[in-house]
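This report refers to the structure that appears directly beneath it.
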Ligand code: DGL
């Protein structure tokens, strides 16, 4: 049995393309519908109530696109709104990022001293810390909000001296805690991967999306919900709440090809 309906993926803006990349690579026959809330980004500095309201609107939109599953690419939404979303939308599998980041982080650490970076709202929620401590009593988690990484990534300043020094300043605090693994708890941060690697040296850097893609594939396979393997012309469709030139540029950087996104109005 197979299911050729698309997988819905959403984020506050363009950052979730880093999740699309991993999902598309792990499941080469899957159709994907992506929604980026470019009119209302950033979510990371907004309240839980506001981000929940926006997320509910987006999930409703994706369901109208007949998606078979929803991936909450945005860590800010994952950390703050996942429970609410699963209470409201009970008929469609919804996946969030925090649990995958935690599993991958636990595998990466040997010293049990782990760092997590994310938006202010993600770090403030303590969702990563709670999930780490629930999973492993002997772990010590050090969290740090790195809000400047998002505008740097959006500006394409991912390799210059500003990105370099910003990474060094943000991450030194975690290095001082002698972490041996660092979870990138924000969809934008993989865009700064090279700078982050240089700043943390031998510390293992974990992108939750890699683990997410592998586990979502296993889930869909077990549920007989993967698309047919013969579907070589799978479709990636992109929707945004406001036009942004950044979308084309960043989709080229992340996905190797500039994609045009269609602007849509969310019903409120
Ligand atoms: N996409 C958000 C996340 O993964 C980061 C950008 C924002 O603040 O909206 O948390």
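Between residue 228 and residue 92, the simple spin-label model (points 7 angstrom out along Cα→Cβ) gives 2.3 nm. Taking label positions 7 Å along the Cα-Cβ direction at both residue 219 and residue 172, the computed distance is 4.0 nm, reported to one decimal.
Spatially, the stretch 90-122 and the stretch 14-59 are offset by 16 Å when compared through their Cα centroids. Note on residue 159/residue 47: beta-carbon distance plugged into 1/(1 + (r/R0)^6) with R0 of 35 Å gives a FRET efficiency of 0.55.
Which value in nm describes the separation of the simple spin-label points at residue 3 and residue 137, placed 7 Å from the Cα toward the beta carbon? A separation of 3.8 nm, rounded to one decimal place.
Relative to the current alpha-carbon distance between residue 245 and residue 144, full extension at 0.36 nm per residue lengthens the span by 33.4 nm. Global size of the chain: 17.6, 52 Å for Rg and Dmax (C-alpha atoms, Rg to one decimal, Dmax whole). Here the Gaussian network model covers the chain, with springs between Cα atoms less than 10 Å apart; of 214, 245, 24, 245 fluctuates the most. The helix-only estimate of mean residue ellipticity at 222 nm for the chain, built from DSSP H runs of length n ≥ 4 each weighted as -39500 (n - 2.57), is -14000 deg cm²/dmol after division by the residue total.
Taken together, the values in this text are just the output of simple stated rules run on the coordinates, not laboratory data. None of the values given here were measured: they were computed from a predicted structure. FYI the Cβ positions are ideal-geometry reconstructions off the backbone, even for glycines, and counts take in every protein chain you see.
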